[in-house]
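Worksheet for the structure shown next.
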Amino acid sequence: GAGVSQSPSNKVTEKGKDVELRCDPISGHTALYWYRQSLGQGLEFLIYFQGNSAPDKSGLPSDRFSAERTGGSVSTLTIQRTQQEDSAVYLCASSLGGIDTQYFGPGTRLTVL
Amino acid sequence: GESVGLHLPTLSVQEGDNSIINCAYSNSASDYFIWYKQESGKGPQFIIDIRSNMDKRQGQRVTVLLNKTVKHLSLQIAATQPGDSAVYFCAENKETSGSRLTFGEGTQLTVNP
C-alpha cells in the first residue's frame, strides 16, 4: 500500500515569505506527526495530531509555525515570514496511535535564502 | 532536558562483518525504543523496536539489546552489507509524552566492500 507522502520534495523561498508543506498520511492512521531535521542532526519534534483531540503543539519553535489537519487525514505545516534558520528537512510521520510504529515520509527540504 | 544520544558519530566496517551501534538514553521512564535507518535523501525507515519490559529482540539480521540498568541500547547487524550503509538513529517513545519520538543524533555506518 501507499506510504506517507509529502509535497513538495524541495522548496526554495526567500526570507520573509510564507510556505506551506503538505503531508498525506497512510490511510487509516489516526496519528500524524511533524518533525524537523537540520543538516546532519537528529529529528526534532514539532507537532502531533491524534484523531479529533487538540493537537500537541509543544514542539513548535515559534508562533510563525502552525499546522492543521483537515478531515483527520491530510496535514499542512505553515511557516510564516520564513527565516534562514528555518532551513531544514521537514518530515511527516503517521501511525495508528499510542506507541505504535511511526512511518515517515520522504520529507520536504526547505531552503530559505 | 532528557534526551537520547549516541556514543559514536561514525562507524566503518568491512562487508560481512557484524556491526554494533550504541545508544545511551537518560529517560528511565521511556516505554519503548526504536531504531531507524535513514539513507541519504530519504525519510527514516523503521528497523526494529523493543519495549521497556524486554532485554532483547531479534529481527532479520538485526538484534536490539536493552540494558535498563545502565540505560543503554544497541543495534547489532549481522553480516553487514553495502546496502546497510546509512545513518542509524535510536529513538525513545513514552506514551505520557503524547507518543512523540525523541531522537539521538545518529551514527553514520559505512560498509566497505
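Worth pointing out:
- A:S38 being more than 19 Å from B:Y36 (Cβ to Cβ), touching a strand residue (DSSP E or B) at 6+ places or on another chain (Cβ under 9 Å), surrounded by fewer than 16 Cβ atoms within 10 Å (Cβ to Cβ) and within 14 Å of another protein chain (Cβ to nearest Cβ): no
- Count of region B:56-80 residues which are at pLDDT below 95 and among the polar types (S, T, N, Q): 3
- Any chance A:D56 is of a type in the set (D, E, K, R), within 22 Å of B:F33 (Cβ to Cβ), open to solvent by 50 Å² or more (accessible area, probe 1.4 Å) and at the interface with chain B (Cβ under 9 Å from one of its Cβ atoms): no
- Strands (runs of 3 or more DSSP E) wholly inside region A:9-113 that include at least 1 residues being under 20 Å from B:D31 (Cβ atoms): A:31-37, A:43-50, A:88-95
- Qualifying residues in region B:12-43 (those that are in contact (Cβ under 8 Å) with a residue 24 or more places away in the chain and among the charged types (D, E, K, R)) - the one nearest to the other protein chains (Cβ to nearest Cβ): B:D31
- All strands (runs of 3 or more DSSP E) inside region B:74-113 with 2 or more residues being under 24 Å from B:N18 (Cβ atoms) and open to solvent by 10 Å² or more (accessible area, probe 1.4 Å): B:107-112
- Of the set (1) more than 27 Å from B:E39 (Cα to Cα); (2) away from chain B (no Cβ under 12 Å); (3) among the hydroxyl-bearing types (S, T, Y), all apply to A:S27 but (1).
- A:Y33 being among the hydroxyl-bearing types (S, T, Y), within 11 Å of chain B (Cβ to nearest Cβ), touching a residue at least 60 places away in the same chain (Cβ under 8 Å) and buried (at least 17 other Cβ atoms within 10 Å of the Cβ): yes
- Single condition B:F103 does not satisfy, out of (1) over 18 Å from A:L91 (Cα atoms); (2) in contact with a Cys (Cβ under 8 Å, 6 or more places away or on another chain); (3) hydrophobic (A, V, I, L, M, F, W, C); (4) within 14 Å of chain A (Cβ to nearest Cβ): (1)
- In region B:63-77, the residues that are of a type in the set (K, R) and out of contact with any Phe, Trp or Tyr (no Cβ under 9 Å at 6 or more places or on another chain): B:K68
- Taken over region B:44-58, the criterion of being within 13 Å of chain A (Cβ to nearest Cβ) and either in contact with a helix residue (DSSP H, G or I) (Cβ under 6 Å, 6 or more places away or on another chain) or not β-branched (V, I, T) (or both) is satisfied by B:P44, B:Q45, B:F46, B:D49, B:R51, B:S52, B:N53.
- Taking region A:68-95 as the range and being more than 14 Å from every other protein chain (Cβ to nearest Cβ), of a type in the set (A, V, I, L, M) and within 20 Å of A:A31 (Cβ to Cβ) as the test, the residues that pass are A:V74, A:L77.
- Considering residues of region A:96-113 that are open to solvent by less than 60 Å² (accessible area, probe 1.4 Å) and aliphatic (A, V, I, L, M) only, the residue farthest from the other protein chains (Cβ to nearest Cβ): A:V112
The values are calculated or read from the model by the stated rules, or taken from the named source; none is laboratory data. Just so it is clear, the structure is predicted and the values come from calculations on it, not from any experiment. When we count neighbours, we look across all protein chains shown, and the Cβ atoms used for this are built from the backbone with ideal geometry, even at glycine. Just the protein is used for accessible areas: all its heavy atoms, side chains included, with ligands, DNA and RNA removed. Shrake-Rupley method; radii C 1.70, N 1.55, O 1.52, S 1.80 Å.
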